[in-house]
Amino acid sequence: MSIDFRETVNGHDFLRVFERICNSACLHPSHLDHLGKCVHEFLPLIQTITVVRSVTERIQNLLEQYHRFSRSMDEESPRKKRKVDNDSADNDVTKATTLAFSTAAIFTSVVLSSFSASSVPKESQPELETLLTSFSSKVVLHSLSRMVKGVSKTNRTSSWDDEVVMRGNLRLRYALSLGLERSPSITINVECPSKLTQRLFESIDKIMLPELQLEILRTLFQCAPVGQQPALLDVTLRILETDEPPEMINVLHMVIQRWFPLIDLHASKAQLERFVVLLVNIQTRSGENAMKILMNQALSSAEFWELSEVRIILLAFIEQSISDICNWTTATLHEKEVVHSVFNILSFIPTEYLSRTLRLSLVKRAILFDQTMTSMNDAGLLHTLRVCVSRSISSADLSDNLMGDLAVYLQRLHNAEVNVESFLQTTELIRLLLKNLFKSNDSKEIGQLIQHYSDGLQSSHFSPLNPWARSFEIVVELLMKGYPMKSFSNSVQDKFKELYDALHQSLLPSLVELMNKPSALKVTQARGLLEGWQRVLKLGRWLGITDIAVFGENIDQLFAFAKLSGDENAGSIVFGVLLEEFNFCAVNLQPQRFEIVVAAYVLLAKDRPVASLSSIDSSISSLCPTLSVDIFKHGMDFIVASLKCAKEEDSGALVHVLSILIQESPQNTFHMVQIFVTESINIFNDREIFTDKIRLPALRLLLQRCRDRPATLRLADISGIWLFIAKSCADAETHDPTTSAETFHCIVSITTTLVRLRRDLVLLTIPHLGVVLRYLIQSMRSPRLNLGPKQSAVVSRGLPPWINIQDPLSAEEAKALSRLLESLNTKSIIRKLTTSTAAPPKAESLAKPFSKHAAYVIKAYVKSLNDPLCAIPAVVRKELQPGLYALCGMMNDFGRDALMASATDAGEKAIVKALWREYEKQRYVGKG
């Protein structure tokens with residue numbers, strides 16, 4: 001190891017050079033971590049001793065050179081007062097040697113802490129142990145003892161050169177100790193003698209170099225005896241309390257990352273209290289500085305909260321700090337800062353560590369602070385308070401203890417000004433409070449809250465800016481999902497009916513006016529009105545009211561205007577009203593209205609991605625179980641008939657709504673759903689648009705059916721599924737602009753599910769499974785580099801339409817395919833409909849039945865790998881290996897010989913031989 005500097009070190013330039021070295025890219029922690037990983041993973045075994053000897057000899061030579069030029073290292077006489085330097089050349093060499101040693105020590109530390117001595121041959125381990133023992137005792141500890149002895153016996157501070165060299169020695173000693181943890185097979189004495197430990201402790205106040213101070217603390221934490229730990233903790237706390245942030249952050253980082261458990265074990269109560277105050281003070285600092293980020297990382301660590309002593313003191317301090325303030329408006333600035341810090345810390349604490357009493361006290365105090373805050377300058381604290389209240393309420397039932405405060409607090413949350421940052425958190429808090437209020441079933445509080453909603457909603461006609469309108473949706477949603485009307489008292493039911501009547505009378509005139517003169521602009525402007533009407537209809541359905549007037553065709557006309565306006569939100573809102581009115585229309589009109597619902601959904605969904613339809617899909621999902629059998633059958637007939645002749649742009653939405661109806665089918669429709677699934681699969685195979693353009697929605701439907709309802713599948717369904725997958729994976733002349741990895745994963749997931757859960761049906765269609773696997777293997781090909789247009793076109797024509805030649809499948813897809821091939825060997829139980837008296841099915845695999853077809857799948861891999869125009873990248877081949885080995889394990893010797901005989905040229909034979917050789921290497925033969 002050689003360190004050379006391109007600039008001369010003279011005068012005071014050494015400080016500038018030292019700073020540039022420490023801040024260089026080579027010494028960046030990420031680079032050093034990468035170097036350590038490379039040493040650990042790639043250092044050859046036969047070169048380990050050579051490398052260790054090289055770096056240790058380099059360190060020893062630099063130390064000897066430093067001793068030779070530095071008069072401060074004279075071991076035989078005490079340190080003398082320096083004379084005027086008449087020999088600047090020697091001084092420059094000393095500075096250069098110091099810098100070289102500092103840099104070399106850093107790289108050597110990485111090597112010594114990263115290599116594994118256990119991987120060295122046993123006959124060479126004694127030599128390595130002797131080499132490291134000699135380096136530790138005769139070089140590092142010996143040099144360190146001499147220099148620390150000189151510092152501790154003098155009253156003045158040490159020189160800069162001495163401190164840099166001492167820092168390097170301490171770092172080397174610590175690296176050797178880390179290396180021992182990695183290599184328990186060798187023994188090296190790296191412990192500091194008791195005298196050295198004592199002298200390090202005595203010299204820590206005389207040190208001027210912050211980096212050396214850090215290394216001394218690290219060494220003392222590791223080597224100091226138990227009796228000296230309290231004094232060491234006092235020194236550490238004093239440094240953290242008095243030092244400036246640049247020096248303090250390094251010490252704090254070391255303590256957080258390594259020595260928290262030691263502090264928890266040996267610190268006294270007074271020391272822990274000082275430490276907790278330090279944490280709170282760090283949280284009070286404004287902005288996202290480095291210390292605050294470091295502290296937040298510690299608070300986010302599970303290890304920190306497992307430290308029982310620190311946790312007890314911290315929770316006691318939190319309780320005391322909050323209880324001291326009774327009124328936020330009269331609190332001092334310091335008290336407000338402490339409260340802000342405390343609640344910031346509380347947002348990290350796992351709620352399981354908070355007792356019920358403390359949790360209730362914190363919630364009540366946070367609500368009190370929230371209600372008394374009037375300045376928007378406290379917006380950050382307000383957000384933190386509401387986060388803490390939400391976490392505490394969601395983790396435990398506190399409704400019985402919070403009664404008397406919830407209704408007032410909810411009114412405060414609705415009326416207070418809310419910034420964008422805390423809007424979502426405030427909404428979630430309102431949801432939790434309403435849930436606790438409804439769960440408590442306190443008639444007085446619920447009645448008071450209903451009155452607040454009645455007053456707040458009627459005053460603004462569901463304006464989007466009205467906070468009561470935003471949260472009324474939460475009220476209706478909670479009531480519909482978990483709180484039947486009969487669970488409330490008669491007085492509360494009457495209050496809800498009064499609320500419904502008031503809102504109905506308030507909104508109806510405006511709706512009638514909108515229906516009489518509709519337009520695209522008016523529909524867009526009336527979104528709040530329509531959204532409020534939808535919630536009123538839901539509330540009426542929850543109350544069991546049946547005589548609600550519906551607008552029928554007028555709503556259809558509004559939907560047309562909403563689509564014409566191009567406002568997706570307006571279209572979704574009108575569609576929600578359309579769904580709600582379906583529940584109140586006459587029975588004889590429901591078939592026609594359901595067709596309109598399906599048509600409106602197709603118009604709404606055909607130009608939008610699936611992810612943006614979640615709210616609409618959830619509305620239809622909640623409607624489907626309530627349908628009668630006749631209406632459900634009529635709707636399915638309408639959708640299936642539409643699929644037979646629908647255009648390409650409508651087919652995807654039709655398939656999506658079909659999957660929702662099949663998944664959320666009403667009771668007593670089992671056989672009906674089976675028939676519609678079979679008919680849908682046949683339509684997918686008959687129409688080319690489903691294999692060319694609309695394959696992904698169809699695959700999603702098939703995957704949903706195979707994964708969620710495997711017992712309902714029949715043999716006709718399995719054959720149709722194999723045929724559809726084969727058509728989707730077949731060669732194509734035209735391809736999509738981008739590769740669809742989701743299509744590949746859907747196909748693999750469908751196949752895996754059938755192999756694992758419906759082995760009885762797959763057994764009857766084994767050849768089809770082989771065809772699908774061959775297609776999947778061939779889809780892993782990618783073109784070779786620098787192909788011409790004609791050659792690229794030849795490769796492209798051999799790939800499915802959903803794979804673009806410029807974007808081949810990756811190793812992630814190869815891993816999924818490999819798991820599919822391995823699942824052929826996995827024993828599983830069939831999921832099918834049986835009687836209660838039938839014998840339990842036996843767990844088996846497809847290995848034996850598929851053994852006759854495994855050779856054809858391997859043949860597809862061999863041909864793909866031997867194609868002169870194609871290649872399978874190394875990372876893809878690596879991921880495919882476990883699956884290919886599973887196929888090789890199914891085959892017998894005759895199958896292997898037949899596979900070899902089927903090879904058409906020497907290249908294919910070489911690939912088969914190499915594959916089988918690798919398989920034989922990894923196969924367990926039962927001799928170990």
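Below, the figures for the structure above:
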{"quantity": "Complete set of residues in the stretch 766-790 that are hydrophobic (A, V, I, L, M, F, W, C), open to solvent by 30 Å² or more (accessible area, probe 1.4 Å) and assigned to a loop (DSSP other than H, G, I, E, B)", "calculated": "Leu785, Leu787"}
{"quantity": "Unique match (being surrounded by 16 or more Cβ atoms within 10 Å (Cβ to Cβ) and not hydroxyl-bearing (Ser, Thr, Tyr)) among Val577, Val629, Val610, Val587", "calculated": "Val577"}
{"quantity": "Residues of the stretch 89-121 satisfying the condition of being open to solvent by 30 Å² or more (accessible area, probe 1.4 Å), more than 17 Å from Leu176 (Cβ to Cβ) and in contact (Cβ under 8 Å) with a residue 60 or more places away in the chain", "calculated": "Asp92, Ala96, Ser119, Pro121"}
{"quantity": "In the stretch 274-327, the residues that are assigned to a helix (DSSP H, G or I), at pLDDT below 75 and farther than 14 Å from Phe343 by Cα", "calculated": "Ala290, Met291, Lys292"}
{"quantity": "Filter result for the condition that a residue is more than 39 Å from the chain's Cα centre (by Cα) and without any contact (Cβ under 8 Å) to a residue 40 or more places away in the chain, over Asn588, Asn583", "calculated": "Asn588"}
{"quantity": "Options Leu701, Leu661, Leu654; residue that is in contact with a Pro (Cβ under 9 Å, 6 or more places away or on another chain), buried (at least 20 other Cβ atoms within 10 Å of the Cβ), in a helix (DSSP H, G or I) and modelled with pLDDT of 90 or more", "calculated": "Leu654"}
{"quantity": "Residue in the stretch 751-765 that is part of a loop (DSSP other than H, G, I, E, B) and within 30 Å of the chain's Cα centre (by Cα) present", "calculated": "no"}
{"quantity": "Check on Glu352, surrounded by 16 or more Cβ atoms within 10 Å (Cβ to Cβ), assigned to a helix (DSSP H, G or I) and charged (D, E, K, R)", "calculated": "no"}
{"quantity": "Residue match in the stretch 46-55 (condition: within 13 Å of Val165 (Cα to Cα), modelled with pLDDT of 75 or more, part of a helix (DSSP H, G or I) and out of contact with any strand residue (DSSP E or B) (no Cβ under 6 Å at 6 or more places or on another chain))", "calculated": "no"}
{"quantity": "Within the stretch 858-884, tally of residues that are open to solvent by less than 40 Å² (accessible area, probe 1.4 Å), under 36 Å from the mean Cα position of the chain (by Cα) and among the β-branched types (Val, Ile, Thr)", "calculated": "2"}
{"quantity": "Residue that is more than 19 Å from Gly540 (Cβ to Cβ) and modelled with pLDDT under 75, where the choices are His452, His414", "calculated": "His414"}
{"quantity": "Count of the stretch 722-734 residues which are buried (at least 17 other Cβ atoms within 10 Å of the Cβ) and either out of contact with any helix residue (DSSP H, G or I) (no Cβ under 6 Å at 6 or more places or on another chain) or without any contact (Cβ under 8 Å) to a residue 24 or more places away in the chain (or both)", "calculated": "1"}
{"quantity": "Residue list for the stretch 505-538, filter: among the basic types (Lys, Arg) and more than 47 Å from the chain's Cα centre (by Cα)", "calculated": "Lys517"}
{"quantity": "Boolean, Ala793 is at pLDDT 90 or above and either under 35 Å from the mean Cα position of the chain (by Cα) or open to solvent by less than 20 Å² (accessible area, probe 1.4 Å) (or both)", "calculated": "no"}
{"quantity": "For Phe850: the one exception among (1) at pLDDT below 90; (2) surrounded by 14 or more Cβ atoms within 10 Å (Cβ to Cβ); (3) in a helix (DSSP H, G or I)", "calculated": "(1)"}
{"quantity": "Meets criteria (more than 27 Å from Ser454 (Cβ to Cβ), surrounded by fewer than 18 Cβ atoms within 10 Å (Cβ to Cβ), modelled with pLDDT under 75 and not acidic (Asp, Glu)) for Ala379", "calculated": "yes"}
{"quantity": "Residue in the stretch 801-820 that is of a type in the set (Ser, Thr, Tyr) and either surrounded by fewer than 16 Cβ atoms within 10 Å (Cβ to Cβ) or in contact with a strand residue (DSSP E or B) (Cβ under 7 Å, 6 or more places away or on another chain) (or both) present", "calculated": "no"}
{"quantity": "Boolean, Leu713 is under 29 Å from the mean Cα position of the chain (by Cα) and closer than 25 Å to Pro767 by Cα", "calculated": "no"}
{"quantity": "Residue list for the stretch 39-70, restricted to those being hydrophobic (A, V, I, L, M, F, W, C) and out of contact with any helix residue (DSSP H, G or I) (no Cβ under 8 Å at 6 or more places or on another chain)", "calculated": "Phe42, Ile46"}
{"quantity": "Total residues in the stretch 664-691, condition part of a helix (DSSP H, G or I) and open to solvent by less than 70 Å² (accessible area, probe 1.4 Å)", "calculated": "15"}
{"quantity": "Residue that is surrounded by the fewest Cβ atoms within 10 Å (Cβ to Cβ), among those in the stretch 524-562 that are farther than 24 Å from Pro467 by Cβ and β-branched (Val, Ile, Thr)", "calculated": "Thr546"}
{"quantity": "The lone exception for Thr94 - which of (1) at pLDDT 80 or above; (2) in contact with a helix residue (DSSP H, G or I) (Cβ under 9 Å, 6 or more places away or on another chain) it fails", "calculated": "(1)"}
{"quantity": "Some residue of the stretch 329-343 being in contact with a Cys (Cβ under 7 Å, 6 or more places away or on another chain) and either open to solvent by less than 60 Å² (accessible area, probe 1.4 Å) or of a type in the set (S, T, N, Q) (or both)", "calculated": "yes"}
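To keep it simple, each residue is scored yes or no on (1) part of a helix (DSSP H, G or I); (2) at pLDDT 80 or above.
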residue	(1), (2)
Asn189	no, no
Lys195	yes, yes
Glu215	yes, yes
Phe221	yes, yes
Leu233	yes, yes
Glu247	yes, no
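The values are calculated or read from the model by the stated rules, or taken from the named source; none is laboratory data. The shown structure was predicted, so the numbers you read here are calculated from the model rather than taken from an experiment. Here Cβ is always computed from backbone atoms with ideal geometry, including for glycine, and neighbour counts include all displayed protein chains. When the accessible area is computed, the model is the full protein with side chains, heavy atoms only, and any ligands, DNA or RNA have been set aside. Shrake-Rupley method; radii C 1.70, N 1.55, O 1.52, S 1.80 Å.
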